[in-house]
Amino acid sequence: MKPHIITVEQHIIEHQQNHPTSTGEFSWLLSGITLATRIIAAHVRRAGLLDILGETGDTNVQGELVQKLDVLANETIMTCLGDRDNVGIMVSEEDDEPRIIKEPDDRAKYIVLFDPLDGSSNIDSTVSIGTIFSILQRRPGVERGRVMDHILQPGHMQIAAGYVVYGSSTVMCYTTGDGVHMFTLDPNIGAFRLIRERVRMPVSGKTYSVNEAYSRHFSKGVQDYLTWAKSDQGGYGLRYVGSLVADFHRILVQGGVFFYPATAKAPKGKLRLLYEANPLAMIAQHAGGAASDGVQQILNKVPTALHERTPLVIGSKNEVERVLSFWK
């Protein structure tokens, strides 16, 4: 007898049935994300055969060189979700301003924030890259035209978050606050299949992930942690891909800690709060892990700008606490 196949769409619908107030709108939204990421995965697999490698010659709002696949991924997500009548606002790392898809009403209540292609500087070297997304709901009672009041919500207000890694296989993880669930894209049927339900991050792990080339610019506390971790007493190993989503996925599965502290060059940190730190922090929390900016939990931070940056320590609960004991 063949094993029962559960696709991500089936999984979303089944979980929706556990919430009597659900209407199906949210399932419709998430199906748009899975469609977009399947299309992106197909382009990533064929990138060397198509004219989609290399830079466009433009620079995005982050001051980073735009890759051709960045543009393709961004527009794919915008197209797949822009047709969903329950999406009102979309916010991308690649865009200067939010895109207002529909004016506020009872139907268009969702806000989707995303990094369309995290780690895109690694595209030409075929290192794992990914898509990260966060979903909010529009706030009630906000005056018409005050778009940022809807967008600038702390991470604990997210109603869902997830990511997709395009690597040796294409893997999707998502949470709606009821556990973290993992799927693999099956090319034979063109769908994400459930492989692990209610994933738990190991509480400890003997690896750390950081761009140690910048260590001379880190605070003394972070430098002290690195010295301890590499000593015989610590005995930790370094694992660093350079794509946040790939480094985080490894830690979710195997345990450990990722951190990107502030430096003199980036005193407010490097990673984006709304569409990198917040969604991954939500996943970490619901998998038993932790995430902090060195002072407070990431999910408690109140954002003040669309492309706000933050320091980040994320991963296994015990390892995050250990880094922070040095950090502080």
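The values are calculated or read from the model by the stated rules, or taken from the named source; none is laboratory data. Predicted model, so just to flag it, every value in this text is computed and none were measured. Virtual Cβ from ideal backbone geometry, glycine too; neighbours counted across all protein chains shown. Keep in mind that these areas ignore ligands, DNA and RNA; they rest on the heavy atoms of the full protein, side chains included. Shrake-Rupley method; radii C 1.70, N 1.55, O 1.52, S 1.80 Å.
In the stretch 135-148, the condition of being open to solvent by 60 Å² or more (accessible area, probe 1.4 Å), assigned to a helix (DSSP H, G or I) and under 29 Å from Pro98 (Cα atoms) is met by at least one residue.
Among the residues in the stretch 201-211, are any among the basic types (Lys, Arg), surrounded by fewer than 21 Cβ atoms within 10 Å (Cβ to Cβ) and at pLDDT 95 or above? Yes - at least one qualifying residue is present in the stretch 201-211. For the stretch 296-328, give me the residue count where each residue is buried (at least 19 other Cβ atoms within 10 Å of the Cβ) and among the hydroxyl-bearing types (Ser, Thr, Tyr). Of the residues in that region, 2 qualify. Pairs linking a residue in the stretch 283-299 that is over 19 Å from His249 (Cβ atoms) to a residue that is part of a helix (DSSP H, G or I) and open to solvent by less than 20 Å² (accessible area, probe 1.4 Å), with Cβ atoms under 8 Å and 6 or more positions apart or on different chains, are Ser292/Ile298; Ser292/Val320; Asp293/Ala277; Gln297/Ala281; Leu299/Gly155; Leu299/Asn278; Leu299/Ala281; Leu299/Met282. Considering only residues in the stretch 218-243 that are outside any helix (DSSP H, G or I) and either under 18 Å from Pro311 (Cβ atoms) or aromatic (Phe, Trp, Tyr) (or both), the one that is most open to solvent (accessible area, probe 1.4 Å) turns out to be Tyr240. Residue pairs whose Cβ atoms lie under 8 Å apart, separated by 6 or more positions or on different chains, with the first residue in the stretch 141-157 and hydrophobic (A, V, I, L, M, F, W, C) and the second assigned to a helix (DSSP H, G or I) and loosely packed, with under 15 Cβ neighbours inside 10 Å, are Val142/Asp149.
Counting the residues of the stretch 149-167 that are at pLDDT 95 or above, part of a helix (DSSP H, G or I) and over 12 Å from Lys109 (Cα atoms) gives 3.
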